[in-house]
Structures are given as C-alpha cells and as structure tokens.
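Here the structure comes first, spelled out in structure tokens, and everything after it is commentary.
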Amino acid sequence: MDDYAGRVLADRYRLPLPPSDEFELVETRAFDSYSGQEVLLRQIPLPEVVEAEVVGEEGRRHGPAAGPGSGRVTQGAGDPAVRRALDAAGAAAQVPDHPRLDQVFHVFAEAGSLWIVSELIPARPLAALLAERTLTPHRAAEVAADVLTALRALHAHGWTHRNITARTVLVCDDGRAVLTGLAAGAAEEALCGYDPVPDESAGGGGPSPRPAVPAGSVGG
C-alpha cells in the first residue's frame, strides 16, 4: 500500500504519488481497495465549456465570467455529452471477455476527467518495442495475426475499433498481443458528438460513427 499513497478516485482507487515532473496522469497503475487488486486507469480529460456573460446597461459584466479566470467550467457527469461518453465507454466494456482484448471493469467521471478502469496486463506497448528495435517479419506477422483475431471478436459484436495505434497494441510477457483502447476511443467519439455504439437492430453491422441525435429531437 505504500506504493499507492497518492490521491483516491471514486472512493476506491488509490493512485501512486506522481513524479514531480508529471502534470497529467493519462495512464497509471492504481490499487482497487474494493477488490484488493492492481488495475490500470486511463484518463480522458473532459472539455471545458465557456459560459455566457451579459453586459448590462452600465457596462457591468454579469454572470460567471465576471471574475478573473471564470467563465470556463469543466463538464461534469450530469452534462449530456459526458453522459453519452460514459454510456459509450460502458457499452464497449460489455464486449465479452477475449484473450486478445483487455477487460474493462469500471467507467466513471470525476475531477474534470473521464476514467476507464481496466485490467493491469503484464505487457509493453508496441510503440515501446519498436523504439528499441525493428520487429522481424515473422514476429510482426504474429502480432498482426493477434490484432486481427481481436478485431474479428469485436466485429462479431458489431463494434468497429477506430483507436488502433502502436500504443493501444500491447505485447505481453508471454508473447501474445492484446488490443486495448476500444472504450477510450468510444468515449472520445461520443464527446465529439458521434454515436459509436453499434445498432443492435441493424444486426451488428458495425456502422460508421454517426452524429448523436440530441434527446427530444426527431431524426430525418
């Protein structure tokens, strides 16, 4: 527990003390005090919105922007866009477990960020391996085959993974490759106004992301 003496998120995830030169977490280990296991936390900063201000007849400013540094508020869990992002990431987390996909346990919004809690895999990002050396053709084919296996599993459930990079492909200590980043990518798409969740009524065809329709509106 001494390794996790930093802040606590969601009243259960204990974080390590960050290095003095690190300002954003982005991705970090954490200790889940509920399960007693180490997990991986991915951080997605939520966008800020500029609140309106009104200039009165006497030139006075009224509203949140009247003071220094005000007028910008980070969207919270009650914001419709953040709620859509939480729902999208949560839906991605419901994909059945697969040995070539990481498992997502929890998604929540807190402290101006959306957090995705997933299993801590003994692995390194493909980007780290490529920075050290070039993969042999045979090894590259093995990694590609594992990624294709992961994609087939996702496509079988209607999902299209649009967040495949050398950082979202993990190469495990046992040699297999694991694809991550589906939930994070879905949340980011939802924050941008798209609906990445597959339409089950369409037979799980994995449609391209479509603009989300605001609640109460009628599609054309």
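The values are calculated or read from the model by the stated rules, or taken from the named source; none is laboratory data. None of these values were measured; they are calculated from a predicted model. All Cβ positions, glycine included, derive from the backbone under ideal geometry; neighbour counts span all protein chains shown. Just so you know, the surface numbers come from the protein's heavy atoms only, side chains and all, with ligands and any DNA or RNA stripped out. Shrake-Rupley method; radii C 1.70, N 1.55, O 1.52, S 1.80 Å.
General observations
- Matching entry among Thr149, Thr160 (being among the β-branched types (Val, Ile, Thr) and in a helix (DSSP H, G or I)): Thr149
- Of the residues Asp87, Asp102, the single one that is of a type in the set (Asp, Glu), touching a residue at least 60 places away in the same chain (Cβ under 8 Å) and open to solvent by less than 50 Å² (accessible area, probe 1.4 Å) is Asp102.
- Checking Glu24 against (1) modelled with pLDDT of 90 or more; (2) open to solvent by 60 Å² or more (accessible area, probe 1.4 Å), the condition it does not meet: (1)
- The listed residue being under 18 Å from the mean Cα position of the chain (by Cα), of a type in the set (D, E, K, R) and surrounded by 14 or more Cβ atoms within 10 Å (Cβ to Cβ), out of Glu119, Glu142: Glu119
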